[in-house]
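*Asks:* To start, I am sharing the structure in question, which I have written as structure tokens.
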Amino acid sequence: MFFALGGALLVADGVPTLNIETGCRAAAKMGDRLSLDESLRQCLSDEKRARSELEKQWSQFPPALRQRCVATTETGGDPSYVEVLVCLQMGVDAAQMEKR
């Protein structure tokens, strides 16, 4: 869930609900190895697995990083749980590298 206050996007305590179907449909149309239905099914499955991982790990990520990653995935394209998860993992890795 998101709240906008003074132009800032705030991410609630839980994993936000993203509209992943539009992005999966677009990705499935670009695929050429699998049928459209199979590509769509695979994409939706990947997104559901990523959301499940996010639900397990969400509270472990810093709130500012969560906010930035969710805002990034919604900017200029279709939102994706896979993108949010990768962004969060990379953000944590980058922070750990800076500490070294």
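*Asks:* Restricted to the range 63-79, and to residues that are within 18 Å of D13 (Cα to Cα) and in contact with a helix residue (DSSP H, G or I) (Cβ under 8 Å, 6 or more places away or on another chain), which residue is surrounded by the fewest Cβ atoms within 10 Å (Cβ to Cβ)?
*Replies:* Among those that are within 18 Å of D13 (Cα to Cα) and in contact with a helix residue (DSSP H, G or I) (Cβ under 8 Å, 6 or more places away or on another chain), it is T72.
*Asks:* Return the residues of the range 75-100 that are touching a residue at least 24 places away in the same chain (Cβ under 8 Å) and within 22 Å of C24 (Cβ to Cβ); say none if nothing qualifies.
*Replies:* Hits for the range 75-100 are G77, D78, P79, S80, Y81, V82, V84, L85, L88.
*Asks:* For the range 1-34, how many residues meet the condition of being under 12 Å from Q67 (Cβ atoms) and either of a type in the set (K, R) or at pLDDT 90 or above (or both)?
*Replies:* 1
*Asks:* For the range 59-69, state whether one or more residues are outside any helix (DSSP H, G or I), more than 17 Å from N19 (Cβ to Cβ), out of contact with any Pro (no Cβ under 9 Å at 6 or more places or on another chain) and modelled with pLDDT of 95 or more.
*Replies:* yes
The values are calculated or read from the model by the stated rules, or taken from the named source; none is laboratory data. The structure presented is a predicted model; accordingly, all values stated were derived computationally and were not measured. Note that each Cβ is placed from the backbone with ideal geometry, even for glycine, and that neighbours are counted across all protein chains shown.
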